[in-house]
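To keep things clear, I will list the structure first and then write my remarks on it.
The values are calculated or read from the model by the stated rules, or taken from the named source; none is laboratory data. In this text the structure is predicted, and so the values were computed from the model without any measurement. Because the Cβ atoms are built from the backbone with ideal geometry, glycine has one as well, and the counts that use them run over all protein chains shown. For accessibility, only protein heavy atoms count, side chains too; no ligands or nucleic acids. Shrake-Rupley method; radii C 1.70, N 1.55, O 1.52, S 1.80 Å.
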There are 2 protein chains.
Amino acid sequence: MNERWLREINWSQDGLVPAIAQEVGTGRVLMVAWMNRDSLRATAETGEAVYWSRSRKRLWRKGEESGNVQKVRSIRLDCDEDVILLEVEQIGGIACHTGRANCFFRRLEGDQWVVTDPVLKDPSQMYGTAAADTAAGKGAKSE
Amino acid sequence: MNERWLREINWSQDGLVPAIAQEVGTGRVLMVAWMNRDSLRATAETGEAVYWSRSRKRLWRKGEESGNVQKVRSIRLDCDEDVILLEVEQIGGIACHTGRANCFFRRLEGDQWVVTDPVLKDPSQMYGTAAADTAAGKGAKSE
């Protein structure tokens, strides 16, 4: 595969861009994670979303532990080439490590963030107990 | 307004988070820009999207030049508190500085980015000639 399309991305100084996963059909924004060149290439080649885990500093195939992989229907690029938009089919119906359908489960009401979406599956059933403990920690969105 | 909700955001080292604008009704992802604390506060207080322009280092009320403001219907926060999702009504039907409805107008087909969405309005009519020249430049998404 000619890699010119990868060079057209306006990567940040640390070689990353944010990638939005949007659910096909519902249009729901499921999550945002990061991609580097290798993860975007792998996403295009395999047809499944592969991100870059900043906390673990390695490629992270979404669903590699939970089974909730994302089948990629399209890959889009924005006007200044620094954000990726994926249209995905979310296997298992759960994108968030908290066991919810998507990561944007809090809405601002007045001056408070209010949880609006239910937990569909206990994280300990998705990852095992140790991983769930990690997943419950702040900033540990990745699996 | 109690500002605890602003302190719950996991701001980056430079005090920013990405903010996605999604169109109410269609679910279309229009654009991604950046917010700092002041811009998010202003967005909540005014009900119109206010971003932080990294290139111009100042608050940027979306539509301040073009008139294409974004009326904000909801503000959401993701699981690790570092991405904002706005549900907006896009006045004028144009979110992108290129004169397109949204910024994600290129799709990867094989190994090429292919433009899939038409220009609805000449940028020179949105911003005046000088601004349009700037807007046509790489990385100058903000108005």
**Request:** Please verify whether the stretch B:56-66 includes one or more residues that are among the aromatic types (Phe, Trp, Tyr) and closer than 25 Å to residue A:117 by Cβ.
**Result:** no
**Asked** Quick one: is residue A:100 crowded, with 20+ Cβ neighbours inside 10 Å, under 18 Å from residue B:72 (Cβ atoms), at pLDDT 95 or above and within 19 Å of the chain's Cα centre (by Cα)?
**Response** no
**Prompt:** Residues of the stretch B:41-60 being without any contact (Cβ under 8 Å) to a residue 24 or more places away in the chain, closer than 20 Å to residue A:108 by Cα and either in contact with a helix residue (DSSP H, G or I) (Cβ under 9 Å, 6 or more places away or on another chain) or not polar (S, T, N, Q) (or both), which ones?
**Reply:** B:42, B:50
**Request:** For residue B:76, state whether it is part of a strand (DSSP E or B) and either within 15 Å of residue B:5 (Cβ to Cβ) or among the hydroxyl-bearing types (Ser, Thr, Tyr) (or both).
**Result:** yes
**Residue in the stretch B:115-125 that is among the acidic types (Asp, Glu), modelled with pLDDT of 95 or more and closer than 28 Å to residue A:116 by Cβ present** = no
**Asked** With (1) in contact with a strand residue (DSSP E or B) (Cβ under 9 Å, 6 or more places away or on another chain); (2) more than 20 Å from residue B:22 (Cα to Cα); (3) among the acidic types (Asp, Glu) as the list, and residue A:78 as the residue in question, which single condition is left unmet?
**Response** (2)
**Item:** Subset of the stretch B:44-63 [hydroxyl-bearing (Ser, Thr, Tyr) and either surrounded by fewer than 24 Cβ atoms within 10 Å (Cβ to Cβ) or over 12 Å from the mean Cα position of the chain (by Cα) (or both)]
**Value:** B:46, B:53, B:55
**Complete:** In the stretch A:1-24, anything among the small types (Gly, Ala, Ser) and touching a residue at least 24 places away in the same chain (Cβ under 8 Å) is listed as A:12, A:19, A:21
**Fill in**
Residues in the stretch A:5-33 that are over 16 Å from residue A:102 (Cα atoms) and either in a loop (DSSP other than H, G, I, E, B) or more than 7 Å from every other protein chain (Cβ to nearest Cβ) (or both) total 12
**Prompt:** Can you tell me which of B:94, B:84 is open to solvent by less than 20 Å² (accessible area, probe 1.4 Å), more than 10 Å from every other protein chain (Cβ to nearest Cβ), in contact with a helix residue (DSSP H, G or I) (Cβ under 8 Å, 6 or more places away or on another chain) and touching a residue at least 24 places away in the same chain (Cβ under 8 Å)?
**Reply:** B:94
**Message:** Just to be sure I understand, how many residues within the stretch B:4-35 are open to solvent by less than 60 Å² (accessible area, probe 1.4 Å) and either over 19 Å from residue B:79 (Cα atoms) or in contact with a strand residue (DSSP E or B) (Cβ under 7 Å, 6 or more places away or on another chain) (or both)?
**Reply:** 20
**Asked** Given the conditions (1) away from chain B (no Cβ under 12 Å); (2) open to solvent by less than 10 Å² (accessible area, probe 1.4 Å); (3) without any contact (Cβ under 8 Å) to a residue 24 or more places away in the chain, and given that residue A:38 satisfies all but one, which numbered condition is not satisfied?
**Response** (2)
**Fill in**
Given (1) within 11 Å of chain A (Cβ to nearest Cβ); (2) crowded, with 16+ Cβ neighbours inside 10 Å; (3) in a loop (DSSP other than H, G, I, E, B), residue B:66 misses just (1)
